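Written below as structure tokens is the structure these notes are about.
Readers should treat all values here as calculations from the given coordinates under stated rules, not as data from a laboratory. Nothing here was measured: the structure is a model prediction, and the numbers come from that model. Ideal geometry is used to build each Cβ from the backbone, glycine not excepted, and the neighbour counts take in all protein chains shown.
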């Protein structure tokens, strides 16, 4: 979700910086009360794109998957989403 289209409607998330396997840093936002993961986004200046967790969005019915990332670590019993792009890693 582009930064100008994303907003949190209640509370202020806590953020920690995670370093990925490729060395890239990502800001991970989570609820300071319950610990639920809310989003991930880039660190530093520049326009942000938020990777949101579907369970935290009111519009989840409208959030149809377009790609499956980290597919190589998917559990074998999970179905693939028909018509989505599959990406094995980040």
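Observations on the model:
- Taking 37 °C and 0.692 mPa s as conditions, the chain diffuses translationally at an estimated 222 µm²/s according to Stokes-Einstein applied to its Kirkwood radius (Cα pairs).
- Label-point separation in nm, residue 12 to residue 76, each point 7 Å along Cα→Cβ: 4.8 nm
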